[in-house]
Amino acid sequence: MSDETPRGDDYLAINRAYWDDRAPAHASADDYGIPRFVADPTVLSDVVEFDRARLGDVSGMRGLHLQCHIGTDTLSLHRLGARMTGLDLSPVSIREARALAAAVDADIDYVEAESYRAVEVLGAGQFDLVYSSIGTLLWLPDIARWGRVVAELLAPGGRLFIRDTHPMVSALEARGDDAVLRYSYFTPEQPLVFDGTDTYVETGGPLADLPTWEWSHGIGEILTAVLDAGLTITAYEEHDSVPYRALDHLMAPHPEHPGELHLAEHPERLAASFTLQAAKPA
């Protein structure tokens, strides 16, 4: 964690620069498996495979993937039959997502914009499904505003589906053979400022040393944001795994879910991620 003192509202530029730098490295990383998507039209991302049973049939749905990054999950939802749009604040991420879609001849719309501007650029009530995958909410300073944006994007009867890292994991730091509480569980007054040359997948070498500004949000805060926006919560579930090494060397591959990791010892001690589903009244 950096000692930098956050100033102003320039988190978008700071985080955009970070994702612009990481996107090409992620697109070439084995963990994202871009060649597999190109070679096999049935391949889905591990993230969407994990979500698939809970998602149900999405055929014909107008879907929006918020914070879509390089589009592997967006493409996976397209392959399940949804008519997909992906939105991300990083122009380089959008470029990589469009390149993947072009390589497999997938009709997906990609839009460069930050999440809070989604209604402005896409219109209200346009989507049957708003989907958000792992590692998204921590980039947003105002969780209540996010809830309102999601509700406005959804058509009557539309649904929100989000799986994200559990805030309990985000509050922990791996130290030696254990994890210790270090960071805020609830939304902090000031962002958590980190820097470093690493990323959450193997890229073959160090990357640019760039800062990020992040915000934790407690489960109660997330649920309240959804309810206050007028949505009805239809399902909530916690999982013992997450698809990256959230606690570094303390994590091990999950025996049942490809691409997922959980605590190597006694994984039942920790909720590593959660799935939240909600619906907009018809």
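Of all residues in region 43-50, one or more are closer than 21 Å to R79 by Cα, under 18 Å from the mean Cα position of the chain (by Cα) and not in a helix (DSSP H, G or I). Among the residues of region 232-268, the one identified as modelled with pLDDT under 95 and acidic (D, E) is D248. If you go through region 72-130 and keep only what is assigned to a helix (DSSP H, G or I) and among the basic types (K, R), you end up with R79, R95, R98, R117. Checked against (1) modelled with pLDDT under 95; (2) under 19 Å from A278 (Cα atoms); (3) in contact with a Ser or Thr (Cβ under 7 Å, 6 or more places away or on another chain), I70 meets all criteria but (2). The condition (being assigned to a strand (DSSP E or B) and either farther than 19 Å from A271 by Cβ or hydroxyl-bearing (S, T, Y) (or both)) is satisfied by just one residue among R145, R159: R159.
Name the single residue that is farthest from T85 (Cα to Cα) among those in region 109-140 being of a type in the set (D, E) and in contact (Cβ under 8 Å) with a residue 40 or more places away in the chain. Looking at residues that are of a type in the set (D, E) and in contact (Cβ under 8 Å) with a residue 40 or more places away in the chain, I get E114.
The values are calculated or read from the model by the stated rules, or taken from the named source; none is laboratory data. None of the values given here were measured: they were computed from a predicted structure. Virtual Cβ from ideal backbone geometry, glycine too; neighbours counted across all protein chains shown.
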